[in-house]
Structures are given as structure tokens and as C-alpha cells.
Amino acid sequence: MKFYKALLFLSLSVGSIFSYGQNPLFIPPSLTGTNFNLNVQAGTTNFYGSILTPTYGINGSFLSPTLIVNKGDIVTLNVINNLTVQTTMHWHGLHVAQMNDGGPHQIIPSGSTWSPTFEILNNAGTFWYHPHGEGKTDLHVSKGLAGMIIIHDPAEQALGLPSTYGIDDFPLIVQSKAFDITTKIAIANHMDTALFVNGTIDPYLDAPAQVIRLRLLNGSSMRTFNFGFSNNMTFSQIATDGGLIAASNQLTRLQLAPGERSEILVDLSSLNGQTLQLMSYSSEIPNGVYGSPLVGIIPDVMEMYMDNFLNGMDVNLLEINVVNPTVTPVPVTSIPSVLVPYVPYNVLDVTVNRELIFDTIRLLPADAPNIMEGPFAINGEVFNHDSIEIRIPLNSTEIWTIINKTLIAHPFHIHDIQFNIIKKNGIAAISSETGWKDVVLVMPGDSVQFITKFITFSDSMTPYMYHCHILHHEDDGMMGSFIVFDPNAAIPEKPENDFGLNVFPNPTSDEWNISGNWKNQNFSFEVINILGEIVFKQSNQEMNSNSFLTIPSAKFPDGIYLLQVKTDENTHTIKLIKE
Ligand code: C2O
Ligand code: CU
Ligand code: CU
């Protein structure tokens, strides 16, 4: 059985190494305007011979259209779930309100439509969208649900960059996938030996002999790529995850982890008639990164890692045939060196520092091998749909330090905001690490510090997510929730509720007493200060009809606090005042 399986993997993958460039690169159709219909559907796709692989797609059987929007547009996205299962749809990198974010809390049941409406607030750049269902992200993305979002804005348009979609401005969604024995796309399978660009295996692209723009998105479940060209030519990086950078970066290699994006300009003017390849020089990827020659330290290497021939191999991703320049649009022939002003957040404004530690959940004896398989926890916790790990006051400027104590590199992603990397292992970030980011690859043993600010959207109930963008790590719980709350928002002092919650005295100087028509249920009580820190906590407190809970407050600094009373079903928030 095992041998047969290996043979099948081999026969499915031979094409990708030895006979590339056979299929024209699929350019996902683009949708423009302000009202988008996204039909999420199941279908089949013909990747190999006569085999029909069951897949998911949007407005088609595989992959998703590219959404092209302008900063300032108010858009409505109608996500119509025609699957037989529930899903969600997340706008990765977009600065949108909690309820529009499409994380695990915005479930779209089978047969229903979710229609968030929001303003495009991000600057010009390359973003993407994909499902984010609890425990189901890898499955739904692997089956084909992933699309690009392109944002344009006036500052970008003034630069005269190539921007005619599919003509001189190309989306490249690069993914590796594993096929199981029955030809279904498998998930969390380390035999991800099939390479796809825009859902095309062995793709080629006829590209005009002029400056072209490639929007690179690593949409893989776990694999990192190290992009470069077969003729070793220099290209210009112009954007990171969150949009354009200050000045173009001249590179011959560019590494992108899952979830990361970059835009590059490639000058093909002098190459008319020639062929070159966009490669992943994976032999150069450092140890610990999935895709490199090795993850782990011999003999404790990741299980089956060496069986996957893509690991550490320099592979062709896309063959580029250079053809005559375009007539329209007028070919772009030069690359601007100065792009857009870059004003990162200022460390002098920081009021809160937080630390996130990645570690293995040691269910196994401490010396057990293969601890690079996970599951992994953040600050000792795995994802719990109902708990909030971090509470952030609106407009807080913060430094987050991400520490990786595992033997595998994790691409850390946070929703809602873009950040600036300021330090790696205590050393100030180098210029190629600057720019707006929402994913950062944290190497084994490393710590990464970034600065960010939580602006615009507050919601005391609905969280955003942060997580590892290796999708099976995320699905296995390497994810947490954060709330952005407005400390100045008017919170009812005595909310409407079903158990007559009351606080007395309030304001107080020494204690609050909490009473209610308790129904012999268990309650948990938390008092949160203005910085979002929990200053009092009483979990699983059984309350019967006459009991009340006393919270001593004499030691609390004067000010406003929030009391959260939780049952299994809901949370009630009351404003407390200490004076
Ligand atoms: Cu690309 Cu939380 O996701
Ligand atoms: Cu995201
Ligand atoms: Cu991870």
C-alpha cells in the first residue's frame, strides 16, 4: 500500500519537474465595481489525464476571481455559499471592522449568503481572500478557495507602474498541493509535490518585452518559496504585504512564506524572443523553513520530510516566453526608484508591550522526536472559539515580540492591521525588512519585534484573529483572538439581561457586590482595566438565587473598569467606577 502510494505520487509529479511549461497560465477573471457576487461552489477539475479531481471554486470549479477595487470605494461582497458545508470568507490584509473580517466567528451556513459592506481603507497593494472556518481553513483553501484582491490608489497610479491586468500586470498565486490516492486534493499532507500557479500545473506565460509587474502571492498551505529567475536577472521589489514601499529594492532572490505577498517589476525589454523561468531556489532556504533542504536537526528531522523531492529542490514555477511589446497599453520601459512615502509607527508612542511565545504542546515525553509536527500553542493556549486572549484599547500603539521556541519556522499573521518590523533577535531591522507587513516568518529560536497601532474599529464582543499561516498549524489551534475595545464608549451601567444583573455600590471605593436572579448556573466574572488587562477573575462560580459576589476594589487605581459576566451562552458587560 505504502509503495503503491509512493508510486502514484511519483507519477503525478513527474510532469512538474521534467516537462514544464505545457499549459498556458490561467489568469483568473477579474471583477471590478463595488458590488461583487462570489458564488462558492463545488465542482471537479481535470489536472491529470482523464482524472477528475473534486475541487472548490468561486464562480467556477477551482480558484477564485481577482477583485480589483480602489481605495475609498464602498464595496459589498455577496458571498453565496453553495457548498453543502458551512464556510467563511476572510479578506486577508484588509483593514475592516470585526464583523466584516470573515474569521471563524462569521460563519456562512450552507445555502446562505453573507454580504459585508465596507470601505476600502488600505493603500494600493496586493491582498487576498480565503476561507477561515474553525479547523477547516486548510481543507477549503487546498480544495481551491483563494483569490487575489488588487487595490489601486492615486499615489500608486501617479507612478505609471504597469497596471493593465493580465497584459503587463500579472497575478501569480503560487501554491503546492498534495493529491491523495483517490486523486482528491489532500490536506496536511507532507507530500505536497504538485506545484500550481493560478491553479495551472506546468504553466507558461507569454509576456511582452517591456517592464512587467508580477504580483506574487504565496497561497500554499505550508511551503515557503524563494523566487528568482533562471538567468539570475535582477528584479525590483516595489511592495510588501501592505502595499508599496518607499524605494524599489534590487534583488535576485525574494523569499515568501505562506500568506505573504510582494510585487516585483521585471524588465524584459532586451529579452524579446527568449525564454526564462521563474524559479524557487529552495536549496537556498534556511533550515527550519518548510521548503528548505531540512527541517530539524538530524536525527530529529520532520517526519517524511526527505521523501518529498520538492524540499530543498530548485524548481521551475513558471516558464516565461518573451514576446513583442504591447501596442496598448504603451509599454512601461523604466522602473521608478522612489515610490511612496513610508512613515512607520513611532516607538515613542508605544504604551503597551506584548509577548507571544510559540511552543510545542508537549503531550509527548520531552525527548520525543518530531516535535516539528505540532500541535503548537501560543502562550500555552490553543484556539478556543469563546475565549479572548488579548484586549486592546482602541488607538493603542504597541510593540509585539514574537518568540519561536520550536524547531520549525512559523509565518505569524495578524488580522485588521499592518505592522512595521523593528527588530529581529534584538537587532534593528534592515532596510529590506521595512515596509507594511501582515505576515512575518519567525525562524526557529528567533524573536521578532514589530510595532503597530490598532485604529478605526472597536467592538467589545467580536474578536479578530492572529495565527500561524501554516494552515494545519492554524487548524490545530495555533491561533488566538483579540478584541479592540473603545475605553471611551458609553457602556450601559445596567444592561438589559435575563438574570437581573445589578452592581452595588457603583461607584465605590472599597468593593462591588454583584447580584442577580441567578439560575443555579455557573458564571465567570472578569474585571478589565482601561488597558485591557484582567485585574480580577473568578471562573466557574456557581451562583444560586440569593448569592452575590463581592469584588474587593480598594487596591484598584481610581477609574473606569469593565465587568464581564459570562455564562456558556453569553457575556454581559457592565461599567464599574472606582473612586
Ligand atoms: Cu490569511 Cu487569518 O488569514
Ligand atoms: Cu488575515
Ligand atoms: Cu506554524
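The values are calculated or read from the model by the stated rules, or taken from the named source; none is laboratory data. Please read these numbers as outputs of a predicted model, since none were measured by experiment. Using ideal geometry, Cβ is built from the backbone for each residue, glycine included, and neighbour counts are taken over all protein chains shown. These accessible areas exclude ligands, DNA and RNA; they are computed on the full protein's heavy atoms, side chains included. Shrake-Rupley method; radii C 1.70, N 1.55, O 1.52, S 1.80 Å.
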Near pairs, Cβ below 8 angstrom, 6+ apart or cross-chain, from region 557-579 (small (Gly, Ala, Ser)) to any residue that is in a strand (DSSP E or B): Gly559/Ile577; Gly559/Lys578
Tally of residues being in contact with a helix residue (DSSP H, G or I) (Cβ under 6 Å, 6 or more places away or on another chain), closer than 23 Å to Phe482 by Cβ and in a loop (DSSP other than H, G, I, E, B) across region 97-129: 1
Which numbered condition Lys555 fails, given (1) open to solvent by 60 Å² or more (accessible area, probe 1.4 Å); (2) modelled with pLDDT under 85: (2)
Members of region 296-325 found to be part of a loop (DSSP other than H, G, I, E, B) and either under 25 Å from Leu217 (Cβ atoms) or open to solvent by less than 30 Å² (accessible area, probe 1.4 Å) (or both), listed by number: Met302, Asn308, Phe309, Leu310, Asn311, Gly312, Met313
Test: residue in region 413-428 that is of a type in the set (Val, Ile, Thr), within 16 Å of ligand 2 (Cβ to nearest atom), surrounded by fewer than 21 Cβ atoms within 10 Å (Cβ to Cβ) and in a loop (DSSP other than H, G, I, E, B): no
Spans of strands (runs of 3 or more DSSP E) in region 436-539 with at least 2 residues open to solvent by less than 30 Å² (accessible area, probe 1.4 Å) and either in the same structural domain as Ala409 (by TED's automatic domain parsing) or in contact with an Asp or Glu (Cβ under 9 Å, 6 or more places away or on another chain) (or both): 439-442, 447-453, 464-468, 479-485
Any hit, region 90-105, residues being outside the structural domain of Gly480 (by TED's automatic domain parsing), of a type in the set (S, T, N, Q), in contact with a Ser or Thr (Cβ under 6 Å, 6 or more places away or on another chain) and away from ligand 2 (no atom under 13 Å from the Cβ): no
Output for region 275-295, where each listed residue is assigned to a loop (DSSP other than H, G, I, E, B) and of a type in the set (Gly, Ala, Ser): Gly288, Gly291, Ser292
Sole exception among (1) away from ligand 1 (no atom under 16 Å from the Cβ); (2) buried (at least 22 other Cβ atoms within 10 Å of the Cβ); (3) assigned to a loop (DSSP other than H, G, I, E, B) for Ser176, by number: (3)
Inter-residue pairs, beta-carbon under 8 Å, first within 18 Å of Thr456 (Cβ to Cβ) and more than 11 Å from ligand 3 (Cβ to nearest atom) and in region 472-486, second part of a loop (DSSP other than H, G, I, E, B) and polar (S, T, N, Q), 6+ apart: Ile483/Ser460; Ile483/Thr462; Val484/Ser458; Phe485/Ser458; Phe485/Ser460; Asp486/Ser458; Asp486/Ser460
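How about region 385-412: which of its residues are polar (S, T, N, Q), farther than 29 Å from Met191 by Cα and part of a loop (DSSP other than H, G, I, E, B)? Break it down stepwise before answering.
Of region 385-412, the ones polar (S, T, N, Q) are 387, 395-397, 401, 404, 406.
Next, from what is left, pick out any that are farther than 29 Å from Met191 by Cα: 387, 395-397, 401.
Residues satisfying the conditions are Ser387, Asn395, Ser396.
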Hits in region 125-161 - residues which are open to solvent by 10 Å² or more (accessible area, probe 1.4 Å) and either within 16 Å of ligand 3 (Cβ to nearest atom) or of a type in the set (Ser, Thr, Tyr) (or both): Gly135
Residue within region 415-426 that is under 22 Å from Arg253 (Cα atoms) and within 13 Å of ligand 1 (Cβ to nearest atom) present: no
Yes/no for Thr406 being in contact with a helix residue (DSSP H, G or I) (Cβ under 9 Å, 6 or more places away or on another chain) and modelled with pLDDT of 95 or more: no
Residues satisfying the stated conditions in region 467-483, i.e. within 13 Å of the chain's Cα centre (by Cα), of a type in the set (A, V, I, L, M, F, W, C) and away from ligand 2 (no atom under 13 Å from the Cβ): Ile470, Met478
Failed item, numbered, when Glu542 is tested on (1) in contact (Cβ under 8 Å) with a residue 60 or more places away in the chain; (2) in contact with a strand residue (DSSP E or B) (Cβ under 7 Å, 6 or more places away or on another chain); (3) open to solvent by 70 Å² or more (accessible area, probe 1.4 Å): (1)
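Restricting to region 374-408, what's the tally of residues that are polar (S, T, N, Q), within 16 Å of ligand 3 (Cβ to nearest atom) and open to solvent by less than 30 Å² (accessible area, probe 1.4 Å)? Walk me through it before giving the result.
From region 374-408, those polar (S, T, N, Q) are 379, 384, 387, 395-397, 401, 404, 406; that's our starting set.
Subsequent filtering for residues that are within 16 Å of ligand 3 (Cβ to nearest atom) retains 379, 404, 406.
Checking the rest, the ones that are also open to solvent by less than 30 Å² (accessible area, probe 1.4 Å) come to 404, 406.
Residues that pass the stated criteria total 2.
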Glu398 vs. criteria charged (D, E, K, R) and either closer than 20 Å to His469 by Cα or within 16 Å of ligand 1 (Cβ to nearest atom) (or both): no
Test for Thr55: is it of a type in the set (Val, Ile, Thr), away from ligand 3 (no atom under 16 Å from the Cβ) and not in a loop (DSSP other than H, G, I, E, B): yes
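Determine which member of the set Gly60, Gly111, Gly72, Gly147 is within 14 Å of ligand 2 (Cβ to nearest atom) and at pLDDT 95 or above.
On the way: Gly60 fails: within 14 Å of ligand 2 (Cβ to nearest atom); Gly111 fails: within 14 Å of ligand 2 (Cβ to nearest atom); Gly72 fails: within 14 Å of ligand 2 (Cβ to nearest atom).
None of the other options fit; the residue is Gly147.
Kindly indicate whether Ser432 is more than 16 Å from ligand 3 (Cβ to nearest atom), open to solvent by 30 Å² or more (accessible area, probe 1.4 Å), at pLDDT below 95 and in a loop (DSSP other than H, G, I, E, B). Can you show your working first?
Values: more than 16 Å from ligand 3 (Cβ to nearest atom): yes; open to solvent by 30 Å² or more (accessible area, probe 1.4 Å): yes; at pLDDT below 95: yes; in a loop (DSSP other than H, G, I, E, B): no.
The answer is no for Ser432.
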Cross-chain or 6+ apart pairs with Cβ under 6 Å, region 82-106 first and crowded, with 19+ Cβ neighbours inside 10 Å, then assigned to a helix (DSSP H, G or I): Thr87/His140
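Using the structure shown, decide if Gly291 is at pLDDT 95 or above, closer than 16 Å to Leu195 by Cα, in contact with a strand residue (DSSP E or B) (Cβ under 7 Å, 6 or more places away or on another chain) and not polar (S, T, N, Q). Show your work before the answer.
Details: at pLDDT 95 or above: yes; closer than 16 Å to Leu195 by Cα: yes; in contact with a strand residue (DSSP E or B) (Cβ under 7 Å, 6 or more places away or on another chain): yes; not polar (S, T, N, Q): yes.
The answer is yes for Gly291.
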Failed condition for Leu318, given (1) within 30 Å of Val211 (Cβ to Cβ); (2) within 16 Å of ligand 3 (Cβ to nearest atom): (2)
